[in-house]
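Please treat every number below as a calculation from the coordinates, not as lab data. This structure is a prediction, so every number in the text was calculated from the model and none was measured. As a convention, Cβ positions derive from the backbone with ideal geometry for all residues, glycine included, and neighbour counts pool all protein chains shown.
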Amino acid sequence: MTIPRSRIAGICVILLVSLSTPSMAVAAPPVFEIEIRNHLFIPDVLTIPSGTKVKLVVYNRDTTPEEFESFELNREKVIMGGRKAVIFIGPLSPGEYPFFGEFNPTTALGTIIVKAEANAD
Amino acid sequence: MLINSVIIVLREVIEAALLISVLLAVSRRLQLSVRWAPVALIAGAVGAALYASLLDSVSELFDGVGQELINALMQVCISALLVVIVLLVARRRERLGGPSTALIGLMAISVALATIREGSEIIVYVIGFVTIESHRASVLLGSLTGAGIGFSVGVLLYYLLLAMRVSHALWVSLTLLALAASSMCAQAAKLLIQADWLPSGAPLWDTSALITEQSMVGQFLYALIGYEATPSAIEVVAYFGSIGIIIASALAGWFVFRTSAEETSG
């Protein structure tokens, strides 16, 4: 019946690290924001740290819908006009990951640059 | 805008069209009524319009990932329905009879769900851009062209399946349905990773040097077998796990039904 506290704590840490579901996450992932204006992504280049999950919030300031899409990131989400979308990306290895707006693919283009951080907190 | 409309609508239509044509061909081969198809398509279209109009509020649910969760749920439901359909068809193929109304009902529901899933995105796009005067003509023309190409691919597959020998056609159909089910499971896993409901991981492999997802071949393979150039471990497990479940249950069902049929007949 007596399980050492340290072991319980250890199991909890393992569970948290392995699952890291939103409700259980100790530290919320860093948030990065992008806007869609006149079918353009602002900023169109976003630098994020490598090896960590990131919460991307995309605000669609246009009245028309847009679909955030990236083959490299395996992401796809419709964002209605005047709304925002939450998209989780990563942990990613360093590199460039292009994304685009499927509804306006000639103008709505952007890149996420993943950079290795010396010591990412 | 014109070419873009063609691509957007084609991408959505082709997935549903392939599923519908396989199920229609299966119905014809098993000499079942195909009257379920128009009913399912109309129900799906109404559902798609409703879902599209609710997408605004749906997206806000569950801390902004409602869209992913509902879409994933639909994909998992279609996938589960297809598994049961594969089983029932395999059983009828052995001339063991079985409930045809259940089979027809399941086919209708899966097609209606697929139409809601793919149709709602088309509706969001067309309604969103057709209101802009300068885009109207190209959006409408492009969408019709895309829908037409997708429809033609479906018709082609339908007649290909009908032209084959019955035994071949059923095996090809069952394989295509099993692959569609697995692909939808993998898509659901991808959506749940995007929503942070499943843990993300590094891609297991990268075949984008061979076939990019953007290419025509990549897009077609995506619609047909759920091709993904950089899948994560969970997507791969979901995909091959579903294939495993389908094969295992088909084999189990086949042996059980076969034994019971032999017992009753002999």
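Taking every DSSP beta bridge that has both residues in the range A:27-115, what percent is antiparallel when rounded to the nearest 5?
For the range A:27-115, the DSSP antiparallel bridge percentage is about 65.
On C-alpha positions alone, give me the angle between the axis of helix B:216-225 and the longest principal axis of chain B, in degrees, nearest 10.
Around 40 degrees separate the two axes.
Kindly give the semi-axes, whole Å and largest first, of the ellipsoid equivalent to the protein assembly as shown, taking each as the square root of 5 times a Cα gyration tensor eigenvalue.
Over the Cα atoms of the protein assembly as shown, the semi-axes work out to 38, 29, 18 Å.
Ignoring everything except DSSP H segments at least 4 long, calculate the 222 nm mean residue ellipticity for chain B; use -39,500 (n - 2.57) per segment, divide by total residues, nearest 500.
One gets -29500 deg cm²/dmol as the mean residue ellipticity at 222 nm.
Starting from the eigenvalues of the Cα gyration tensor, five times each then square-rooted, give me the equivalent ellipsoid semi-axes of the range A:27-115, largest first, whole Å.
So the equivalent ellipsoid measures 21, 14, 10 Å along its semi-axes.
Starting from the Cα of A:Lys84, draw a straight line to each of the lysines and keep only those under 18 Å, dropping any in the same chain fewer than 8 residues away.
Within the straight-line cut-off, A:Lys84 pairs with A:Lys55.
Angle, helix B:233-265 long axis vs. longest principal axis of chain B, Cα atoms, 0 to 90°, nearest 10?
Roughly 30 degrees, rounded to the nearest 10.
Run the paramagnetic zone check for B:Asp63: 7 angstrom along Cα to Cβ, then residues of the range A:25-49 with backbone nitrogen under 17 Å.
A:25-33
Can you report the principal axis dimensions of the range B:127-232 using only the alpha carbons, biggest first, rounded to whole angstrom?
Principal axes ranked by extent give 45, 45, 28 Å for the Cα atoms.
Explain nothing, just compute: Karplus ³J(HN,Hα) = 6.51 cos²θ - 1.76 cosθ + 1.60, θ = phi - 60°, for every residue of the range A:76-84 in order, whole Hz, x for Gly and Pro.
Taking θ as phi minus 60°, the curve returns 7, 7, 7, 10, 5, x, x, 10, 10 Hz for the range A:76-84.
Measure nothing fancy, just the Cα-based angle from helix B:36-64's long axis to the longest principal axis of chain B, in degrees from 0 to 90, nearest 10.
Tilt relative to chain B: about 50 degrees.
May I ask for log10 I(q)/I(0) of chain B at q = 0.07, 0.14 Å⁻¹, from a Debye sum over the Cα atoms as equal point scatterers with solvent left out?
-0.27, -1.05
On the principal axes of its Cα set, how long, how wide and how thick is the range B:1-114? Give whole Å, largest value first.
Per principal axis, max minus min of the Cα coordinates gives 49, 36, 19 Å.
Treating cross-link reach as a plain straight distance, find the aspartates and glutamates whose alpha-carbon is under 14 Å from the alpha-carbon of B:Lys190, omitting any fewer than eight places away in the same chain.
Candidates past the 8-residue exclusion: A:Glu69, A:Glu72, A:Glu76, B:Glu68, B:Glu228, B:Glu235.
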